[in-house]
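Engineer: One structure follows; several queries about it will come next.
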Amino acid sequence: MLPVPTINSFVPPHRTLMGPGPSDVYPQVLSAQSRPTIGHLDPLFVGMMDELKALIQYAFQTENEMTLAVSAPGSAGMETCFVNLVEPGEKVIVCRNGVFGERMRQNVERIGATAVVVDNEWGEPVSPQLVEDALTAHPDAKFLAFVHAETSTGALSDAKTLCQLAQKHDCLSIVDAVTSLGGVELRVDDWGIDAIYSGSQKCLSCVPGLSPVSFSAKAVEKLTQRKTPVQSWFLDQSLVMGYWGSANSGAKRSYHHTAPVNALYALHESLRVLAEEGLENAWQRHQNMHQTLKAGLTKLGLTFVVQECSRLPQLNAVYIPQGVDDAQVRQQLLSEYNLEIGAGLGALAGKAWRIGLMGYGARKENVALCLRALEEVLTQ
Ligand SMILES: Cc1ncc(COP(=O)(O)O)c(C=O)c1O
């Protein structure tokens, strides 16, 4: 028999999370998660799920019936949108201006569909003109897919205009809102978004591992008219909806998978906090904190990757000054200040830092700590 390992309970330190996510979790969300686990078909839990659905609808600003939280992280939300809607052989215009647009392309190709890639420079938003050109050149395209808030660069794209273009060319829009939800303006119904997914660990300041998604009536129609079955059993929304159900239909919930009960308590609490603050107030708070951070970073001589007009307040990518050791600075911030900032990703690896101001993390104490710590470390 193998010897019994002596391992202590894992007790992580209190870090301040100012990277690209996960962000600082609201204390009340952490305590909500530690409440007693109940059965996932317990009537009280089902009632909580109905409220959770209404809260997700509020955060997305949608009345879409097919709105729920996928029991897995943002990548599964991405996959949910693609595998349910796109069928082999179909054509998708995929906008790529960073890491996550490229992941969309990979999702499309794995389905056996064709991705027509519209490339923009890293750090730039998606160009509506290039998208319009691609839609015109490919009248057989069925979808337009893009990332609203590109976390790898900090660029915000004009989702409203892009979705209008999709509608004009009779395409369904698939939108990545993993980093945008709760941090910048996002209006699913007003902007005509057809399929959208997000993540719990960014501006919602919830624990990681859940992905709110929503499908418009047109997207649901596309799903119901599929000629081929959805190749993923777990992510097949027509099956999952039997579990999430319709709040008012009175239909009985049937078992699909065991919901992450306690994580859903956490999401319920974080969205409740967001609703209590009010979406527009939350968007404004992110903007205000960004302005304070920007002023301090500029004083330190740091310059931004993204131009001001398309810069995300919640993800501040700044170039690493010449001669500064990227890894050493981040390590020192972590060990001496318990502060995490993000490394550059993909084309920006080793060239930029990504400083997150997300959800509960978008507050004065965090901005002050980050500026003081960076100043001290960089002066050394
Ligand atoms: C824009 C974007 N899309 C998708 C993802 C994937 O989400 P997750 O890491 O929760 O799977 C991320 C994660 O950072 C992201 O920033």
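Engineer: Find which of ALA266, GLY123, HIS169 sits farthest along the positive direction of the dipole of the stretch 27-275, computed with +1 on the beta-carbon of Lys and Arg, -1 on that of Asp and Glu, about the Cα centre.
Structural biologist: Farthest towards the positive pole: ALA266.
Engineer: At a Förster radius of 22 Å, what calculated FRET efficiency corresponds to the Cβ-Cβ distance of ASP119 and GLN331, to the nearest 0.05?
Structural biologist: Computed FRET efficiency for ASP119 and GLN331 comes out at 0.05.
Engineer: Same structure again: Longest span of the chain, sites excluded, free of trypsin sites (Lys or Arg not before Pro) in DSSP loop with at most 12 other C-beta atoms within 10 Å?
Structural biologist: With a cap of 12 other Cβ atoms within 10 Å, the longest stretch comes to 1-226.
Engineer: Can I ask one more? What does the charge add up to near GLY361, with Lys and Arg as +1, Asp and Glu as -1, over the other residues with Cβ less than 15 Å from its Cβ?
Structural biologist: +2
Engineer: Oh, and also: Let me spell out the model: positive unit charges on the Cβ of Lys and Arg, negative unit charges on the Cβ of Asp and Glu, origin at the Cα centre of the stretch 27-275. What dipole size does that give, in debye rounded to 20?
Structural biologist: On the way: 19 positive and 27 negative charges, 132 e Å.
The dipole of the stretch 27-275 has a size of about 640 debye.
Engineer: Using label points projected 7 Å from each Cα along Cα→Cβ, tell me how many nm separate VAL11 and GLU51, to one decimal.
Structural biologist: The two pseudo-label positions are separated by 3.3 nm.
Engineer: List, in the order given, every pair from LYS202/LYS299; LYS91/LYS168; LYS160/LYS202; LYS160/LYS364; LYS160/LYS218; LYS91/LYS222 whose Cα-Cα distance in the structure shown is over 25 Å.
Structural biologist: LYS202/LYS299; LYS160/LYS364
Engineer: All other residues with a Cβ under 12 Å from the Cβ of VAL213 taken together, and with Lys, Arg as +1 and Asp, Glu as -1, what is their net charge?
Structural biologist: So the environment of VAL213 carries a net charge of -2.
Engineer: Seen from all sides and averaged, what is the projected area of the convex hull of the Cα atoms in the stretch 190-236, in nm²?
Structural biologist: Projected over every direction and averaged, the Cα hull of the stretch 190-236 covers 4.4 nm².
Engineer: At 0.36 nm per residue, minus the direct Cα-Cα distance, what do THR224 and HIS257 gain on full extension? Give it in nm, one decimal, please.
Structural biologist: Additional length available on full extension: 9.7 nm.
Engineer: Quick one: pull the percent of accessible area on the chain belonging to carbon and sulfur, 1.4 Å probe, ligands and nucleic acids left out.
Structural biologist: It is 54 percent, rounded to a whole number.
Engineer: How much of ILE93 can a 1.4 Å solvent probe reach, expressed as accessible area in Å² and rounded to 10?
Structural biologist: Surface open to solvent at ILE93 totals about 0 Å².
Engineer: Using the beta-carbon distance between LEU44 and GLU376 and R0 = 56 Å, what value does 1/(1 + (r/R0)^6) give for FRET efficiency, to the nearest 0.05?
Structural biologist: Efficiency, from the Cβ-Cβ distance: 0.65.
Engineer: May I have the convex hull volume per residue, in Å³, for the Cα set of the stretch 104-258?
Structural biologist: That works out to 140 Å³ per residue.
Engineer: How far apart, in nm, are the 7 Å Cα→Cβ label points at THR303 and TYR58?
Structural biologist: 4.4
Engineer: In addition: What are the semi-axes of the equivalent ellipsoid for the stretch 276-327, taken as the square roots of 5 times the Cα gyration tensor eigenvalues, largest first, in whole Å?
Structural biologist: Equivalent ellipsoid of the stretch 276-327: 26, 10, 10 Å, largest first.
Engineer: Okay, moving on. Compute the distance in nm between two label points, each set 7 Å from the Cα along the Cα-to-Cβ direction, one at GLU185 and one at GLU277.
Structural biologist: Between GLU185 and GLU277, the simple spin-label model gives 1.9 nm.
Engineer: Do me a favour and compute the ellipsoid semi-axes for the chain from its Cα gyration tensor, root of five times each eigenvalue, largest one first, whole Å.
Structural biologist: 33, 28, 19
Engineer: Now a separate question. Given N residues in the stretch 240-349, what is Rg(Cα) / (2.2 N^0.38 Å)? Each step should come with its number before you reach the end.
Structural biologist: On the way: Rg = 20.9 Å, N = 110, 2.2 N^0.38 = 13.1 Å.
Output field value: 1.60.
Engineer: How much accessible area per residue does the stretch 27-275 have, in Å², with a 1.4 Å probe?
Structural biologist: 38
Engineer: Relative contact order, percent, of the stretch 27-275 when contacts are C-alpha pairs under 8 Å separated by at least 6 residues? Spell out each step's value before the answer.
Structural biologist: Values: 477 pairs, mean separation 71.2, N = 249.
Dividing the mean separation by the residue count of the stretch 27-275 yields 29 percent.
Engineer: Another question about this same structure. Just how far, in whole angstrom, is the stretch 51-97 from the stretch 291-365 if you go by their alpha carbon centroids?
Structural biologist: About 29 Å separates the Cα centre of the stretch 291-365 from the one of the stretch 51-97.
The values are calculated or read from the model by the stated rules, or taken from the named source; none is laboratory data. These numbers come from a predicted model, not from an experiment. With ideal geometry, Cβ positions are generated from the backbone for all residues, glycine too; neighbour counts draw on all protein chains shown. Surface accessibility is based on the protein's heavy atoms, side chains included, excluding ligands, DNA and RNA. Shrake-Rupley method; radii C 1.70, N 1.55, O 1.52, S 1.80 Å.
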